[in-house]
Amino acid sequence: MAVSEAAGQYGIVMRRVRAASLLDPLFYVQVVVILFLCALIVYPAAILLGMSLRDEAGGLTLKWFAEAYGNARNLGAILNTLVIASGTAVAATIAGTFLAWAVVRTDMPGRRLVEMASVVPFISTPFIGALAWVLLASPGAGLLNQLWSYLGGPGVLLDIYSLGGMIFVESLYEMPFVFLMVAGALRSMDPTLEEASLSAGAGLWRTTTRVTLPLVLPAILGGALLVFVLAAEQFGVPAVLGTPARIRVLTTSIVESQASYPIRLGLGAALSVTLLAIALVGLWLQRRMLGRRSYTTIGGKGAQPRRFRLGRLRWAIFAACLAYLMLAVALPYAAIFLSSIRTIWTADFRWDQWTLENYRWVFFDYPITQRALVNSLFLAVVGASVTMLLCAVISFLSLRTRLPGRRALDYLSMVPMGFPGVVLAFGLLHAWIHPPVVLYGTIWILFAAYMTRYIPIGVRATSATLVQIHPELEESSLSSGANWFQTFKNVTLPLLKPGMLAGWILLFIAFSRELSASILLYSPRLEVLSVAIYDLLLGGEFRALSALAFLQIGMALAMLALAKWVSGLDRTPGERTGGRTP
Amino acid sequence: MTSLIVDRLTKRYGSVLAVDGISFSVERDEFISLLGPSGCGKTTTLRCIAGFERPDGGAILLNGEPVADAATGFFRPPNKRHFGMVFQSYAVWPHMTVKENVAYPLKVQGGVPRAEMEARVADKLRIVGLVGYEERFPTQLSGGQQQRVALARALVMEPRALLFDEPLSNLDAKLRERMRFELIEIQSKLGIPAVYVTHDQAEAMVMSRTVIVMEKGRISQSGRPEEVYARPKSRFVADFIGLSNFVEGTVAGPAGDGNWLVRTPLGELVCCSDEPLAPGRAAVLAIRPECIRLQIERPSGPNVVPVTLKQRYFLGPYSEYFVAAGEIPLRVQASDPVEVAPGGTLFAAIDPERCRVLAGEASPEAAQEMAVRATHAADLAFRTPSVGLA
């Protein structure tokens with residue numbers, strides 16, 4: 001009573017404190033976003049769990065888990081997954097830390113060149129890398145093996161179809177994540193911490209082992225765990241390198257359970273839950289590691305970190321770093337390119353073997369290519385745009401409002417990081433295959449999967465930009481009389497533009513070559529680029545496949561060039577992130 | 001005529017009481033400052049007035065109408081309050097030109113014809129002295145110019161009140177001083193209440209008709225700057241605004257002329273007090289450094305204490321002397337030089353009218369605690385003589 005009386009008296013719209021957020025239109029926006037994310041993440045996860053615990057008749061059972069852990073084939077897949085993931089983590093961490101140290105903390109020549117290692121994951125996926133390494137090191141036709149025989153070497157030099165081969169290829173393409181994290185930690189470390197140790201009388205070596213290393217250890221371990229999870233989730237590499245040698249891992253077994261007769265969905269679900277658990281535990285540990293990092297990142301900006309003077313060793317270390325670029329970039333991409341313009345794959349390069357026939361065939365005669373290109377481009381352009389807009393809204397809601405439930409939103413948007421693509425696809429497939437909402441068989445199931453997988457990356461891009469935008473920039477809009485919607489449209493979105501554009505390019509590249517979710521979700525006529533390449537692989541068409549792979553690499557390089565150009569454009573009118581420009 | 005009323009305002013963050021039931025009012029053309037150290041609740045109070053924080057208790061009224069009232073649950077969002085606010089970070093939008101920034105409030109509120117909008121924007125830019133900068137982007141402006149854009153933007157909507165959140169603290173010293181006077185001049189022409197938050201006591205005293213000193217979410221003292229400076233009620237206020245020497249003692253009795261005699265380690269001192277003092281009561285005296293005269297010859301009159309000169313620092317307009325009366329350190333500021341080498345003996349004469357018994361520091365426990373803190377403070381003063389009156 002008193003409230004409405006007062007309202008009449010002052011002629012103002014009244015709101016109760018408790019109900020205020022329910023009357024706020026932003027609250028409804030948030031509710032819709034949360035429900036949407038639940039449909040994409042929570043519901044499929046629940047379906048997955050349900051499937052793994054029910055038998056054919058619908059009763060509760062543990063038989064799928066019994067089969068997953070009791071059957072030698074399946075147990076072997078789990079063990080192989082763990083071996084490959086651990087091996088990759090160890091190899092990538094050692095190499096990545098070494099490279100980061102060499103680039104940030106030594107006077108090695110060519111540091112800028114070696115720095116390019118950080119771009120490697122953008123150029124191609126491990127899947128393409130694995131295909132290239134088949135061309136280089138398959139026991140029969142691998143170029144390096146052919147050279148070995150030609151030089152008179154006995155037997156086979158390298159067998160890429162092996163556990164070691166998979167660990168090698170995955171390390172090559174996942175090492176940059178360790179490199180980036182450790183180099184970042186080394187760069188942001190306060191140099192005075194080291195100077196204090198030096199002036200306390202410790203030498204450079206003791207300072208490195210006693211001060212520097214402990215300070216960047218969280219970043220190193222965090223990077224190792226991230227690589228562990230990425231390698232466990234990897235589908236493309238084991239599909240290319242493991243299948244011919246009958247080495248099964250979790251991801252390939254899950255796809256197999258869905259694709260081969262007899263279809264045993266419960267087993268697939270149990271294996272999916274297992275992989276999901278491995279990934280979630282890995283990421284949880286990783287977050288804990290990085291949570292401790294804070295003290296290393298407090299730093300004076302101006303001072304340059306001390307560099308080791310390597311002396312004569314500098315060229316040896318440079319050669320070691322260069323070897324990485326050779327193995328990850330130069331050799332494999334050259335192999336793909338060569339394979340795409342030749343009629344036959346031999347080490348004996350004769351002039352009559354050069355041809356563009358592979359390109360003509362794959363683009364015009366092979367029926368899948370054209371529609372796969374259209375589908376992939378549609379998903380990349382529209383998917384990346386819609387996802388970035390959604391991410392901007394999520395960041396805004398979770399960072400800039402005090403609505404109840406914004407923490408749930410923040411958490412939900414980060415969960416897909418722990419979802420391997422294959423597992424997410426398995427869940428989405430069975431969640432949205434039944435009426436009334438049937439997404440499977442339409443392009444929207446791929447759209448939903450891509451969006452869900454990359455929401456965490458998009459949100460990180462928008463949130464990272466948003467936290468640099470001083471909240472007072474939005475508050476001043478509010479106190480100017482603008483409502484939340486006007487503020488978001490006129491102030492927040494324009495200021496977020498650089499971050500959103502960077503995120504968009506990242507997502508475009510990822511969407512245009514997604515494989516591990518697509519492999520379960522595509523249907524005839526709804527193939528995408530990576531599926532087309534995979535299809536060619538199954539048919540043994542390596543030269544045609546190389547042509548498509550080369551196209552994919554070219555697309556990514558073009559986008560990277562665009563990103564560089566755009567960021568250059570953006571820098572010219574001055575810093576655009578904050579209002580604080582003293 | 002009273003315009004803005006803050007009535008028993010309370011704001012909690014979890015278990016922390018950021019603002020603890022404070023009340024004050026601002027008249028229609030008054031400029032008041034909320035002054036205090038960081039964490040005292042001054043910014044939270046301002047943000048409650050602006051509408052960025054929802055009060056947990058109390059009310060805020062403008063011209064008799066509430067804009068927020070915890071009792072009824074009424075809360076008017078910031079975009080409906082028409083309060084012009086100037087932020088510490090300036091908060092001018094880097095993606096809009098100066099003109100677009102200033103026109104923004106008129107645009108989003110709508111209903112202003114284009115020609116009038118142009119005229120009002122031009123008028124405000126003239127007031128803040130930014131004619132000719134209309135098409136520039138904020139990144140091409142200096143900090144002072146950006147703050148002028150923010151001011152013009154706050155003025156253009158013809159606000160019902162002006163709120164300032166440490167708007168000058170990012171500017172360099174000379175510019176800060178100039179902007180102080182410009183802000184007062186602009187505000188005095190508008191005839192609307194202005195609330196100014198700062199931790200800079202000099203800024204608060206120069207600019208405001210009323211200073212409100214806050215500590216731990218409460219108002220320690222409020223009043224005209226001269227009054228707060230001359231008659232601090234507590235050790236906190238005496239220390240935060242200007243500098244003070246604190247001397248503990250016990251009230252001996254009346255000393256005539258409305259003054260009181262207090263027994264202290266410096267001897268018996270004649271002091272003044274705002275309230276009658278019971279003999280035997282513990283008392284804390286606050287003596288401003290500039291209220292002590294140092295002389296080589298012993299002067300006649302009350303409150304003369306022999307002291308030893310420890311250090312002397314020349315600061316230009318005045319000199320800073322650190323002296324000791326026995327074990328008790330005293331800080332003195334005087335403009336006429338006293339030519340004595342460190343270690344020499346001087347006489348300190350303390351003006352009884354400026355030797356004040358602090359009203360808020362009476363209880364024996366408080367005195368006890370304060371005695372300890374005073375010793376530390378004095379120690380610190382000896383070690384860090386560069387602390388000026390800034």
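Against the definition (more than 19 Å from B:Leu162 (Cβ to Cβ) and of a type outside the set (Gly, Ala, Ser)), how does B:Arg47 come out, yes or no? Even if it seems obvious, please write down each step before you answer.
Values: more than 19 Å from B:Leu162 (Cβ to Cβ): no; of a type outside the set (Gly, Ala, Ser): yes.
No; evaluated as a whole, the condition is false for this residue.
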Q: Answer with yes or no whether A:Ser516 is in contact with a Lys or Arg (Cβ under 7 Å, 6 or more places away or on another chain), more than 14 Å from every other protein chain (Cβ to nearest Cβ) and either crowded, with 19+ Cβ neighbours inside 10 Å or within 24 Å of B:Cys48 (Cα to Cα) (or both).
A: no
(Q) Can you list the strands (runs of 3 or more DSSP E) lying wholly within the range B:35-92 that have 1 or more residues being more than 23 Å from B:Gln147 (Cβ to Cβ)? (A) B:57-62, B:65-69
Q | Set B:Glu135, B:Glu118: member being more than 10 Å from every other protein chain (Cβ to nearest Cβ), of a type in the set (D, E, K, R) and outside any loop (DSSP other than H, G, I, E, B) | A | B:Glu118
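Among the candidates A:Ala319, A:Ala372, single out the residue that is among the aliphatic types (A, V, I, L, M), at negative phi, in a helix (DSSP H, G or I) and surrounded by fewer than 13 Cβ atoms within 10 Å (Cβ to Cβ).
Details: A:Ala372 fails: surrounded by fewer than 13 Cβ atoms within 10 Å (Cβ to Cβ).
Answer to the check: A:Ala319.
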Q: Can you give me the number of residues within the range A:529-543 that are modelled with pLDDT under 90 and surrounded by 24 or more Cβ atoms within 10 Å (Cβ to Cβ)?
A: 0
Q) Considering B:Thr375, B:Thr308, which residue is β-branched (Val, Ile, Thr), outside any loop (DSSP other than H, G, I, E, B) and modelled with pLDDT under 85? A) B:Thr375
Q.
Exactly one condition in (1) free of Cβ contacts under 8 Å to residues at least 24 places away in the same chain; (2) at negative phi is false for B:Leu163; which is it?
A. (1)
Q: State all residues of the range B:50-99 that are at the interface with chain A (Cβ under 9 Å from one of its Cβ atoms) and of a type in the set (S, T, N, Q); if no residue qualifies, say none.
A: B:Thr72, B:Asn79, B:Gln88, B:Ser89
**Q.** Complete set of residues in the range B:114-155 that are among the small types (Gly, Ala, Ser), closer than 20 Å to B:Ser169 by Cβ and free of Cβ contacts under 8 Å to residues at least 60 places away in the same chain
**A.** B:Ser142, B:Gly143, B:Gly144, B:Ala152
Q. Looking at B:Tyr133, is it in the same structural domain as B:Gln187 (by TED's automatic domain parsing) and over 30 Å from A:Leu403 (Cβ atoms)?
A. yes
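The values are calculated or read from the model by the stated rules, or taken from the named source; none is laboratory data. Because the structure is a prediction, the values reported are computed rather than measured. No Cβ is skipped: glycine too gets one built from the backbone with ideal geometry, and neighbour counts run over all protein chains shown.
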